[in-house]
Amino acid sequence: MALASDRERLLGDRTLVGRAFSDAWRATVDPWLVTRFEEAVAAAAPAGRISLVAVGGFGRGELAPGSDLDLLLLHDQRQAPAEVAEAIWYPIWDEGLKLGHSVRTVTEAMDLAAEDLDTATALLSARRLAGDEALVGELVDATRALWTKRAKRLLGQLRESVAARQAQHGEVAFLLEPDLKEGRGGLRDVHALAWAQAARPVLEEGDAAALAEAERTLFEVRVELHRASGRANDRLTLQDQDAVAKAFGLSADQLMARVAHAGRTVAWIADEAWDRVASSLSTSISLLGWRSQKRAPGLVVREGQVLFEGSVDPANRPDLVFETAVVAATKQARIARSTLTRLVDRCP
């Protein structure tokens, strides 16, 4: 089975839009890799345990047409199984596919993850493709333990990384040509929140569902952008917007409205989550246990957000609109989404 020709066949099937293409492509790639692994192991007969693991975006099962195959050959011997690795990597390159690859023991992977944020985040989505299941389980357990044990340091590094990336790539919701992956409110922000969640709970009730819906929109558009442009391109340029929109039966304006809505949703949730992280990093108080502080009648500041106290009804307290703004400004706190929603609903 030739992966390159199968990929072209799937790309030519216009019924496979967005996630449907990704699922079909993954269902093609996974067994092909399993076969390469089994053939390589049978030929080399390596000592000890060995496994083939998908990590990063491939581990999450997110395969756009131009996505890399991020793979880890996991083993437990002193000497790396180079013969097995080469027998897997070279056929992938021969197919013209992009490959991110490494060969490590669990200890080696953890040592690198402790020093390298990209490795630490990639391992969070480790997914066994073939080989020793228990060995992969050890990797998964060790990765979770690392994120729990070093939560404060990893969250600090992750927060800095997010801020730097957003400053460089602009906002998905407001650019004419947004970067669907790296922009503020893009897919990488969704991933970063999932990574942060591995360290400490940073999301509020309802956030996960809203993020999942926004992520699906952005990912499906990214898939069709790769198809339309013929390359691994994450910036939705003006010249590609009509073709991408057509795949969904939309106009370009309708497509961009969907993208903007998804970007705003992600950015809003992410901003609040990272504010909570920042507050937790700057105090000795735990993230979810930060004490409420009453700042005005009917208002409290908790976890860096201005909230209504109890069941207070702003319809009966017109002054709360002004008081909310004053507290937010003087205490440098964000007005919580629940507060804004209640103000909109009760003070039209």
Just need the relative contact order of the chain here, percent rounded to a whole number, with Cα pairs under 8 Å and 6+ apart. 14 percent
Could you derive backbone 3J(HN,Hα) for segment 63-70 from the dihedral phi with the Karplus parameters 6.51, -1.76 and 1.60 (θ = phi - 60°), listing whole Hz in sequence and x where the residue is Gly or Pro? 10, 7, x, x, 5, 6, 9, 8
For segment 293-346, the convex hull over Cα atoms projects on average to an area in nm² of 3.1 nm²
Inter-part distance where segment 208-273 and segment 139-168 are each reduced to a Cα centre, Å: 26 Å
Among Ala43, Ala87, Ala247, determine the one that fluctuates most according to a GNM of the chain built with springs between C-alpha atoms less than 10 Å apart. Ala43
Distances longer than 13 Å among the Cα atoms of segment 98-168: what percent of all pairs is that? 68 percent
Measuring from centroid to centroid over Cα atoms, what is the spacing of segment 16-47 and segment 325-348 in Å? 50 Å
Other-chain or far-sequence residues with amide H under 5 Å of Ile50's (modelled H): Asp132
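Sum up the lysine pairs in the chain that clear both bars: alpha-carbon distance under 27 Å and a spacing of 8 or more or different chains.
5
In which sequence would Met256, Met110 go, from the one with the fewest C-beta neighbours within 10 Å to the one with the most?
Listed from fewest to most nearby Cβ atoms, that is Met110, Met256.
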Looking at (i) 31, 24, 19; (ii) 48, 26, 16; (iii) 42, 27, 14, which value of semi-axes √(5λ) of the Cα gyration tensor in Å comes from a calculation on the structure shown? (iii)
Exposure proxy order (Cβ contacts within 10 Å, fewest to most) of Ile92, Ile50: Ile92, Ile50
Projected area averaged over orientations for segment 185-252, convex hull of C-alpha atoms, nm²: 5.2 nm²
With label points set 7 Å from each Cα along the Cα-to-Cβ direction at Thr35 and Val321, the distance between them in nm comes to 6.6 nm
Can you tally the net charge around Ser51? Count Lys and Arg as +1, Asp and Glu as -1, for every other residue whose Cβ sits under 9 Å from the Cβ of Ser51. 0
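Taking the number of other C-beta atoms within 10 Å as the exposure measure, put Thr265, Thr107 in order starting with the fewest.
Arranged by neighbour count, lowest to highest, Thr265, Thr107 become Thr107, Thr265.
Just so you know, all these numbers are worked out from the coordinates, no wet-lab data involved. Model, not experiment: these values are computed from the prediction. Positions of Cβ are generated from backbone atoms using ideal geometry, with glycine treated the same way; all protein chains shown enter the neighbour counts.
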